[in-house]
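K.L.:
Quick one: the structure is below, and I'll ask about it shortly.
The values are calculated or read from the model by the stated rules, or taken from the named source; none is laboratory data. Just so it is clear, the model here is predicted, and its values are computed rather than measured. Neighbour counts run over all protein chains shown; Cβ positions are idealised from the backbone, glycine included. Areas reflect the complete protein model, heavy atoms only, side chains present, ligands, DNA and RNA absent. Shrake-Rupley method; radii C 1.70, N 1.55, O 1.52, S 1.80 Å.
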Amino acid sequence: MKVTEMNPNLARWYCLVVKRGHEFDVENSLKEANVEAFMPSERVVFVRHGRKIKSDRPSFPGYVLVRFVPSNEAFAGIINLKNVFDLVGGASGYHVIKDADVDVFKRISRGEDVTRVATDKTIGDGSEAEITLGPFAGFKCVVTGVKWCRQAKASVRIHVEGRAFDIDSMPLAFLKKL
C-alpha cells in the first residue's frame, strides 16, 4: 500500500482468479497485507427455514480486483496468496482494468445511483458479444447461458491467449452483441 500511495499514478487495477467461495477471504487477506482490494458484491435476500436472511454475494464469483504498482515482486506476492490461482491475462501481459470501470462498482456498492444501460434482448446462448462495461471491458466473449430477470445476467466464456475464463453472472447490460 505504501508503494501505491507513493506512486498513485503508477498503480493499476488487475483481476485475480481465486477459488470460488473464498473471494471474501482473499479480499480480507489482501487488505490485512495493506494491499488495495475490491470485490464487487451484491446484497441478496432469501428465505431459509422460514427466516429472511440478508447476505452479500460476489458479483463475479471466482474473481477479486486488486490495485498495486506492477513489479516482479508484487506479482509474485499476489499470485502466491492462499486461494489465488492466477491473474486474468496471458503471456503477453495481465489485463489492466480502468479506474473508471472499478469506480462504477464502488458507487453501486455504496448505494449511489448509476446510469442504467439498455439490455440487448437478442443476446442468447451461443451469441458472440463484446463486454463494454466493468472490469472485463474490451474482451470478446461467447454467451453460454442467460438468466432473464429484473437484472438479466449471462454466463460467458472469455478466451485470453488460449486460456478460457468463465464468468457466471455478467450483467447482460454489459454486453454488446457482435
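K.L.:
For the list (1) among the hydrophobic types (A, V, I, L, M, F, W, C); (2) touching a Leu at 6+ places or on another chain (Cβ under 8 Å); (3) in a strand (DSSP E or B), I need the number of the one condition that L30 fails.
P.N.:
(3)
K.L.:
Additional query: How about the stretch 49-106: which strands (runs of 3 or more DSSP E) wholly inside it have at least 2 residues that are in contact (Cβ under 8 Å) with a residue 60 or more places away in the chain?
P.N.:
Qualifying strands (runs of 3 or more DSSP E): 63-68, 84-87.
K.L.:
List every residue pair whose Cβ atoms sit under 7 Å apart, with the two residues 6 or more apart in sequence or on different chains, where the first one lies in the stretch 127-138 and is at positive phi and the second, anywhere, is of a type in the set (F, W, Y).
P.N.:
The qualifying pairs are G134/F174.
K.L.:
I've got another one for you. Would you check which residues across the stretch 46-64 are open to solvent by less than 90 Å² (accessible area, probe 1.4 Å) and touching an Asp or Glu at 6+ places or on another chain (Cβ under 9 Å) and list them?
P.N.:
Those that are open to solvent by less than 90 Å² (accessible area, probe 1.4 Å) and touching an Asp or Glu at 6+ places or on another chain (Cβ under 9 Å): D56, P58, S59, F60, P61, G62, Y63, V64.
K.L.:
So, of the residues in the stretch 140-178 that are of a type in the set (S, T, Y) and modelled with pLDDT of 80 or more, which turns out to be nearest to Y94 (Cα to Cα)?
P.N.:
Taking the candidates together, the pick is S155.
K.L.:
Looking only at the stretch 29-61, which residues are among the polar types (S, T, N, Q), over 16 Å from the mean Cα position of the chain (by Cα) and within 30 Å of M6 (Cα to Cα)?
P.N.:
Matches in the stretch 29-61: S29, N34.
K.L.:
Which of the residues spanning the stretch 140-156 are within 20 Å of I108 (Cβ to Cβ) and surrounded by fewer than 19 Cβ atoms within 10 Å (Cβ to Cβ)?
P.N.:
Of everything in the stretch 140-156, those that are within 20 Å of I108 (Cβ to Cβ) and surrounded by fewer than 19 Cβ atoms within 10 Å (Cβ to Cβ) turn out to be K147, C149, R150, Q151, A152.
K.L.:
Please pick out the residue among E73, E23, E32 that is buried (at least 18 other Cβ atoms within 10 Å of the Cβ), acidic (D, E) and out of contact with any Gly (no Cβ under 6 Å at 6 or more places or on another chain).
P.N.:
Within the list E73, E23, E32, the selection yields E23.
K.L.:
Just to be sure, is R43 surrounded by fewer than 17 Cβ atoms within 10 Å (Cβ to Cβ) and among the charged types (D, E, K, R)?
P.N.:
It is true that R43 is surrounded by fewer than 17 Cβ atoms within 10 Å (Cβ to Cβ) and among the charged types (D, E, K, R).
K.L.:
In this structure, is G62 small (G, A, S) and closer than 19 Å to D168 by Cβ?
P.N.:
Yes: the conditions hold for G62.
K.L.:
Residue check: is F46 farther than 20 Å from F105 by Cα, touching a residue at least 40 places away in the same chain (Cβ under 8 Å) and assigned to a strand (DSSP E or B)?
P.N.:
When the stated conditions are applied, F46 does not pass them.
K.L.:
Is the stretch 36-49 home to any residue that is of a type in the set (F, W, Y) and out of contact with any Ser or Thr (no Cβ under 7 Å at 6 or more places or on another chain)?
P.N.:
Yes, the stretch 36-49 contains at least one residue that is of a type in the set (F, W, Y) and out of contact with any Ser or Thr (no Cβ under 7 Å at 6 or more places or on another chain).
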